[in-house]
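Chemist: Okay, here's the structure, questions in a sec.
Where a number appears in this text, it was derived from the coordinates with a stated rule and is not lab data. This one's a predicted model, so the numbers in the text were calculated from it and none came from an experiment. Please note: Cβ atoms are built from the backbone with ideal geometry, for glycine as well, and neighbour counts cover all protein chains shown.
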Amino acid sequence: MTSLDSAPQAEQPTTAALGEPVRRVSAGWIASFATVWLGIWMAQLTPVQLLLPAQIDAQLHPENWVDSVVAFGIISGIAAIATIIAYPLTGALSDRTTSRFGRRRPWIAIGAVVFGLSLVVLGQQTEIWAIGATWVAASVGFCIMTAALTATISDQVPVNQRGFVSGWMSAPQAVGIIVGLVLVTELVTDASLGYILLAVVLVVLAVPFLFRPDQPLAPTERVRVTAKSILTGFWISPRKHPDFGWTLLSRVLVSVGNALGTSLLLYFLMFQLNDKNAEDDLIVLTLIYMVFVILASLILGKLSDKLGRRKMFVFIASGLQGLAALMLGLFPDLTVAMIGAGLLGLGYGCFLSVDQALATQVLPDAASRGKDLGIMNIASAVPQAIAPMIGAAAVVVSGSFMLVFLLGAAFSFAGAFAVARVRSVR
């Protein structure tokens, strides 16, 4: 660990750990930040999109395909509960960490190890309960890493650069999905090897960012850790901090809408469209989605920095996602799905970058950035986990995927109106 301490100090923040950053981060910092996120998204979304539902279906061999969707939804829902606890808890712990290696780096490293090992073990499981348990462990590792990483934006990135930097958090999401799907379908023939490959990539891509400076927290700045302070810190009053509340609500709604539009795509292709090439077409849809996410997150994120505006971008992005889901619900067709993937990518790419920048500007307290962004991150991660359960229930009730996508549209449109209530940020 000595090499971490000897990392170049040229980019060391000029203010104390709790100060508002004023020095722009370099291209090298952004590159290593984007690299670690690429590994995270590959390790998180490839199982969600392909490996995990396929593994569950292979173990169940259900007579009715709905049973497989329900099992996937239940496992995802249990993981969501773990996420609700892990995100703010580990964020709060990183806020109070006084390690000489900084507040965030130790937790990024710990999260990578937990996440990677859990994926390796997950690939070996043949019982549904064990698959569920190891996926929960992987989700906790994901939370540990990302709670610390998102806090580094508030710690080290000035406000007028956050839209662009946040774009490099979201753009790798799109790349990670497609690269992950290609790796596990083309390079390996066994799902367990696919999980191992993702784990190795995750750890390797996390290393460059661990060599970046991280301002240590001075002992005098450290708030005493107690169970009561952590538990009470989970609640941020929407009366006292209404803009935080509206931003949180908007993110929950839009993230649920997006997850409903993407998390069950494999099942949609297989069972609604009776697509004989479902896995290949999933990669095509994901590729279209990826291109638009990258373009929107980087270009529009930087544009929001330049204009100094956030709400307008988030409002339009939410509306585009709602439109895409509405199209899929009313016109279940592969060509329509391709158009919808483009619109969904355009809207979600813009939302990911600009909404993250917006979130950093409505935080209640500089001393609890990790915890508060951990709460905000719940609004992104939990929908990814509970959406399959909501979608499964919708499929059971309606017998098709139309209701799934109509619900996705409704959530996205509602999210657009929620963000319009934010007052302190343009």
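Chemist: Report the local net charge at Gln272: Lys and Arg +1, Asp and Glu -1, summed over other residues whose C-beta lies under 13 Å from its C-beta.
Modeler: Working: positive: none; negative: Asp275, Asp281, Asp333.
It works out to a net charge of -3.
Chemist: State the answer as a single residue: which of Gln272, Leu346, Val314 lies farthest towards the positive end of the charge dipole of segment 236-388, with beta carbon charges of +1 for Lys and Arg and -1 for Asp and Glu, about the Cα centre.
Modeler: Going by the Cα projections, it comes out as Val314.
Chemist: Go ahead and set up a Gaussian network model of the chain, Cα springs under 10 Å, then flag whichever of Ala86, Ala379, Ala133 fluctuates most.
Modeler: Taking springs between Cα atoms under 10 Å, the residue moving most is Ala133.
Chemist: Same structure again: Place a label point 7 angstrom from the Cα of Ser400 along the Cα-to-Cβ direction, then list the residues of segment 273-287 whose backbone nitrogen is under 12 Å away.
Modeler: Correct set: 273.
Chemist: Now, a different point. Can you tell me which of Phe315, Phe405, Phe331 moves the most in a GNM of the chain? Springs connect C-alpha atoms under 10 Å apart.
Modeler: Phe331
Chemist: Calculate the radius of gyration of the Cα atoms of segment 66-204 to one decimal place, then report Dmax, the largest Cα-Cα distance, as a whole number, both in Å.
Modeler: Values for segment 66-204 (Cα only, Rg and Dmax): 16.5, 52 Å.
Chemist: Name the residue from Val69, Gln173, Ile108 whose Cα lies farthest towards the positive end of the charge dipole of the chain, charges +1 on Cβ of Lys and Arg and -1 on Cβ of Asp and Glu.
Modeler: Farthest towards the positive end: Ile108.
Chemist: Something else about it: Using the alpha carbons of segment 354-426, what is the convex hull volume per residue in cubic angstrom, as a whole number?
Modeler: 94 Å³
Chemist: What does the convex hull of the Cα atoms of segment 288-365 come to per residue, in Å³, rounded to a whole number?
Modeler: Details: hull volume 6.2 nm³, N = 78.
Enclosed volume per residue, from the Cα hull, is 80 Å³.
Chemist: Computed from the mean reciprocal separation of all distinct C-alpha pairs, what Kirkwood hydrodynamic radius does the chain have, in Å?
Modeler: Value: 21.4 Å, from the Cα pair sum.
Chemist: Once Rh for segment 231-295 is found with the Kirkwood sum over Cα pairs, what is the Stokes-Einstein diffusion coefficient at 25 °C and 0.890 mPa s, in µm²/s? Intermediate values should be presented prior to the final figure.
Modeler: On the way: Rh = 14.7 Å.
The diffusion coefficient I find is 167 µm²/s.
Chemist: Around Asp333, what is the net charge, scoring Lys/Arg as +1 and Asp/Glu as -1 over all other residues with Cβ under 13 Å from its Cβ? Let's see the in-between values first.
Modeler: Numbers: positive: none; negative: Asp275, Asp281.
Its environment carries a net charge of -2.
Chemist: Springs between alpha-carbon atoms under 10 Å, Gaussian network over the chain: tell me which of Leu122, Leu205, Leu60 tops the mean-square fluctuations.
Modeler: Comparing Leu122, Leu205, Leu60 in a Gaussian network model of the chain, the most mobile one is Leu60.
Chemist: For segment 319-342 and segment 250-274, compute the distance between their C-alpha centroids and round to whole Å.
Modeler: Here the answer is 11 Å between Cα centres.
Chemist: So how many Lys-Lys pairs in the chain land under 21 Å Cα to Cα, not counting same-chain pairs under 8 apart?
Modeler: Close lysine pairs found across the chain: 5.
Chemist: Can you give the calculated 222 nm mean residue ellipticity of the chain, where each DSSP H run of n ≥ 4 adds -39,500 (n - 2.57) and the sum is split over every residue, rounded to the nearest 500 deg cm²/dmol?
Modeler: Values: 16 runs with 300 residues, N = 426.
Calculated mean residue ellipticity at 222 nm is -24000 deg cm²/dmol.
Chemist: Which helices, taking whole DSSP H runs in the chain, have alpha carbons extending 18 angstrom or more along the helix axis plus mean Kyte-Doolittle at least -1.0? Mind dumping the intermediate values first?
Modeler: Values: long enough: 27-46 (28 Å, 1.18); 65-95 (45 Å, 1.45); 105-122 (25 Å, 1.94); 128-156 (42 Å, 1.24); 162-182 (31 Å, 1.15); 191-210 (29 Å, 2.62); 242-262 (30 Å, 0.68); 278-295 (26 Å, 1.96); 311-330 (29 Å, 1.66); 334-360 (38 Å, 1.39); 369-398 (42 Å, 1.00); 402-419 (26 Å, 2.24).
Sorted by number, the helices that extend far enough and score high enough are 27-46, 65-95, 105-122, 128-156, 162-182, 191-210, 242-262, 278-295, 311-330, 334-360, 369-398, 402-419.
Chemist: For Val159 and Ser237, compute 0.36 nm times the residue count separating them, minus their Cα-Cα distance, and round to one decimal in nm. Intermediate results must be reported in sequence, preceding the final value.
Modeler: Working: separation 78, 0.36 × 78 = 28.08 nm, distance 2.41 nm.
25.7 nm is the gain from fully extending Val159 to Ser237.
Chemist: Add +1 for every Lys or Arg and -1 for every Asp or Glu among the other residues with Cβ under 9 Å from the Cβ of Val419, and state the total.
Modeler: Working: positive: Arg251, Arg310, Lys311, Arg421; negative: Asp355.
Result for the local shell: +3.
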